[in-house]
Amino acid sequence: MPGKPWNAKEKKVLRRQVMTEARLLADVSLDGRTLNAIRSQVARMALVEKRASRKKWSLEERRRLRKLQSEGFTPKEIHEFDLLGGPVRTRWSITKQWGRMKLANRRRSRLMKKKRVWKAGEQRKFKTYLRRYSKTQTPEEIGKVWAVARSTVARWQNALGLKVPREAVVKMAYSQRKQSTARKRIQRASKQMWEVRRAGHEKELLQQRKDLRHRDPPVPEQVCTDCRRSWPKRRAFFHIREKKISMGTSRYYKHRCVLCENARRRHNDRKRGKTGAPKA
């Protein structure tokens, strides 16, 4: 719905405030007129220069921009050397289109958003802290104290000549605690995986035992000394032990089933600290 028409007196006052007094549109004051109405009338009277509309990116420009990105150019270099050709694009325009086309390195963009902005005197305190604790704390530990990335700490240590060899960093208390936590996590994951595989193996053996019990004649069975379950006397259920005797080689089934044998072997290996070690 159109508003109240502007009369000559209002237009004269508007022209004087905008052109003669050089007021901002937000500072223009006219009774009964809103800021949006003032903006519209100023545009109709051509009292301010209209901003050029943004040039749309053509398909060819976008293709060229993607190709330049694949060749390793940055928005700054593309703008400085005018690699796009065609319509003149500002660096800001190229950067925005770069983001819209998702050509930016996502990880680097996230890190730049989290980049630490040092306050007055804070950087000097940080350097003092590095000189004092670089030999006793790891870069990651220092980074947590100051809320900066580990790479930032390492860069400053290099610049100040405080870089500690990796062999010394690994022996620090923080690294030892981290390694201990990692070992426990790996052990838990290994145990869970072993239990899943054992459950699957047990399920297969139970199904095989069920099938063998329906055979005629029935397969002889043997009771495991650990789990006290009866299993068919087959290689799939019991390991075979060989023993050299005077008359040759004697072979007989072990007293523990393969499930109990594997569990006992795993327990002994862990007890000796040989978990995951390759067998000879």
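The values are calculated or read from the model by the stated rules, or taken from the named source; none is laboratory data. These numbers come from a predicted model, not from an experiment. All Cβ positions, glycine included, derive from the backbone under ideal geometry; neighbour counts span all protein chains shown.
Meeting the requirement of 3 or more residues that are under 22 Å from ARG266 (Cα atoms) and over 33 Å from the mean Cα position of the chain (by Cα), the helices (runs of 4 or more DSSP H) wholly within the stretch 137-232 are 173-213. Filtered by the rule that a residue be more than 44 Å from the chain's Cα centre (by Cα), surrounded by fewer than 16 Cβ atoms within 10 Å (Cβ to Cβ) and within 25 Å of GLU195 (Cα to Cα), the stretch 238-276 gives HIS239, ILE240, LYS254, HIS255. Where helices (runs of 4 or more DSSP H) fall entirely within the stretch 21-133, those with at least 1 residues that are surrounded by 13 or more Cβ atoms within 10 Å (Cβ to Cβ) and modelled with pLDDT of 90 or more are at 35-44, 59-70, 75-80, 91-100, 122-133. Would you point out the residue of the stretch 152-171, among those that are without any contact (Cβ under 8 Å) to a residue 12 or more places away in the chain and not charged (D, E, K, R), that is nearest to LYS119 (Cα to Cα)? Result: ALA159.
Quick one: is GLY86 touching an Asp or Glu at 6+ places or on another chain (Cβ under 8 Å), within 30 Å of GLU60 (Cα to Cα), without any contact (Cβ under 8 Å) to a residue 40 or more places away in the chain and not polar (S, T, N, Q)? It is true that GLY86 is touching an Asp or Glu at 6+ places or on another chain (Cβ under 8 Å), within 30 Å of GLU60 (Cα to Cα), without any contact (Cβ under 8 Å) to a residue 40 or more places away in the chain and not polar (S, T, N, Q). Filtering the stretch 221-237 for residues that are surrounded by fewer than 10 Cβ atoms within 10 Å (Cβ to Cβ), among the basic types (Lys, Arg) and at positive phi leaves a non-empty set. If you check SER70, SER40 for being among the polar types (S, T, N, Q) and assigned by TED's automatic domain parsing to the domain that holds ASN105, only one passes: SER70.
Scanning the stretch 257-273 for residues that are within 22 Å of LYS210 (Cα to Cα), of a type outside the set (Asp, Glu) and either in contact with a strand residue (DSSP E or B) (Cβ under 8 Å, 6 or more places away or on another chain) or not assigned by TED's automatic domain parsing to the domain that holds LYS203 (or both) yields CYS257, VAL258. In this structure, LEU212 does not qualify as touching an Asp or Glu at 6+ places or on another chain (Cβ under 7 Å), surrounded by 14 or more Cβ atoms within 10 Å (Cβ to Cβ) and at negative phi.
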